[in-house]
Amino acid sequence: MGDIEDIISKVREKPELKGIAKEVVKRAIIESSKGIDISNLGKNDEKIIVKLARELLRNKTGQYRTGKPVETDSMRHYSIRQREKFYPLLNSILDSLKVKSILDLGCGINPVFISKPGMKYYAYEIREDDLEIVMKHFKENSIDGTTKIYDLMSDSYDFPETDICMLMNVLDGIDKKGHRNAHNILSRVKSRIIFVSFPIVKLSGKKMNRPRREWFIKILDSLHLKYYTLNTETESWYFISREEPLLQLISKMQL
Ligand SMILES: C[S@@+](CC[C@H](N)C(=O)[O-])C[C@H]1O[C@@H](n2cnc3c(N)ncnc32)[C@H](O)[C@@H]1O
């Protein structure tokens, strides 16, 4: 049967998975094959592994996609559509804090809405198509930005030191069991402030029954991280830091 490149191409045939970086798809295939030698797969086994890898990747990212081409639907991200009203507020917080550098993990196309000339922006994502949009925006607007294919589930934590780290609408989906990845990332980020958000409405638009993530509060407490929270219509926000004066500054803003 086909080699790994063929299997990667098969997995990416689905429109919603097309943009995911090859190395991330490859890891999903290896994880789905559970030790089976993928260089010598029968037709049926290959079908099963392709299906499992797709499921795995959809859980990471596909469910937020409409599958429409990028050029015709730049607002296709669910979280972006939901957040339209909040961006001006978010930008005013960044201005007030005089933010000069941002690390955006699982960034999607969020950097397009908040990066500015004069800022150093690190945009990390598993989707190549999103990173292409972000890089185009950096170039067209002379922004000192870097894009990187990065998997939050990969146990690699080589993060740059920045004023802010953003983990927006991404932490719910990076642990299959427990919250090890979320814990490790929060403990390794070197930024002075971390902005985290979680959705509090379902894709259907209905409010979630239990929007509060107790597990997340436990992680913050265990890492002695202080936080200030704020709920918008669709998201729950956590502004996190070890530096209390910074949090006080945020809490005093007219949010
Ligand atoms: C709901 S979207 C949020 C995008 C952006 N942070 C925002 O708030 O606008 C979740 C994003 O996380 C990315 N993602 C999901 N799993 C990831 C992982 N393991 N590593 C890196 N990014 C991931 C998805 O590709 C998707 O762009």
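The values are calculated or read from the model by the stated rules, or taken from the named source; none is laboratory data. What you see is a predicted model; the values in this text were computed from it and never measured. All Cβ positions, even for glycine, are placed from backbone atoms using ideal geometry, and neighbour counts span all protein chains on display.
Tell me, which residue of segment 22-49 that is surrounded by fewer than 19 Cβ atoms within 10 Å (Cβ to Cβ) and of a type in the set (A, V, I, L, M, F, W, C) is farthest from the chain's Cα centre (by Cα)?
Of everything passing the filter in segment 22-49, ILE36 is farthest from the chain's Cα centre (by Cα).
Show the residue pairs meeting these rules: Cβ distance below 9 Å; 6+ apart or different chains; first residue within segment 26-39 and within 21 Å of ILE149 (Cα to Cα); second residue among the polar types (S, T, N, Q).
Correct list of pairs: ARG27/SER154.
Between a residue in segment 163-174 that is part of a loop (DSSP other than H, G, I, E, B) and any residue that is within 7 Å of the ligand (Cβ to nearest atom), which pairs come within a Cβ distance under 7 Å, given they are 6 or more apart or on different chains?
Within 7 Å, the pairs are ASN169/SER79; ASN169/SER197; VAL170/LEU105; VAL170/GLY106; VAL170/LEU152; ILE174/LEU152; ILE174/MET153.
Inside segment 110-120, can you point out the residues that are in contact with a helix residue (DSSP H, G or I) (Cβ under 6 Å, 6 or more places away or on another chain) and buried (at least 23 other Cβ atoms within 10 Å of the Cβ)?
Within segment 110-120, PRO111 is the sole residue that qualifies.
Checking CYS165 against (1) in contact with an Asp or Glu (Cβ under 9 Å, 6 or more places away or on another chain); (2) surrounded by fewer than 19 Cβ atoms within 10 Å (Cβ to Cβ), which single condition isn't satisfied?
With (1) in contact with an Asp or Glu (Cβ under 9 Å, 6 or more places away or on another chain); (2) surrounded by fewer than 19 Cβ atoms within 10 Å (Cβ to Cβ) applied to CYS165, the lone miss is (2).
Within segment 123-162, work out how many residues are more than 13 Å from the ligand (Cβ to nearest atom) and in a strand (DSSP E or B).
Residues in segment 123-162 being more than 13 Å from the ligand (Cβ to nearest atom) and in a strand (DSSP E or B): 3 in total.
Pick from TYR238, TYR227: which is touching a residue at least 12 places away in the same chain (Cβ under 8 Å), surrounded by fewer than 19 Cβ atoms within 10 Å (Cβ to Cβ) and not in a helix (DSSP H, G or I)? Step through it out loud before you land on a result.
Numbers: TYR238 fails: surrounded by fewer than 19 Cβ atoms within 10 Å (Cβ to Cβ).
Exactly one of TYR238, TYR227 is touching a residue at least 12 places away in the same chain (Cβ under 8 Å), surrounded by fewer than 19 Cβ atoms within 10 Å (Cβ to Cβ) and not in a helix (DSSP H, G or I), namely TYR227.
Per-residue answers, yes or no, for (1) modelled with pLDDT of 90 or more; (2) not in a loop (DSSP other than H, G, I, E, B):
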| residue | (1), (2) |
| --- | --- |
| LEU52 | yes, yes |
| ARG58 | no, yes |
| GLN63 | no, yes |
| THR66 | no, no |
| SER74 | no, no |
| GLY108 | yes, no |
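Does SER92 meet the test of being away from the ligand (no atom under 13 Å from the Cβ), closer than 21 Å to ASN231 by Cα and touching a helix residue (DSSP H, G or I) at 6+ places or on another chain (Cβ under 8 Å)? Let's see the steps before the verdict.
Details: away from the ligand (no atom under 13 Å from the Cβ): yes; closer than 21 Å to ASN231 by Cα: yes; touching a helix residue (DSSP H, G or I) at 6+ places or on another chain (Cβ under 8 Å): no.
Answer is no for this residue.
Using beta carbons and a limit of 8 Å, which pairs, at least six apart or on different chains, have the first residue in segment 120-138 and more than 23 Å from ASP163 (Cα to Cα) and the second one away from the ligand (no atom under 11 Å from the Cβ) and in a helix (DSSP H, G or I)?
If the second residue must be away from the ligand (no atom under 11 Å from the Cβ) and in a helix (DSSP H, G or I), the pairs left are ASP129/VAL70; GLU132/VAL70; ILE133/VAL70.
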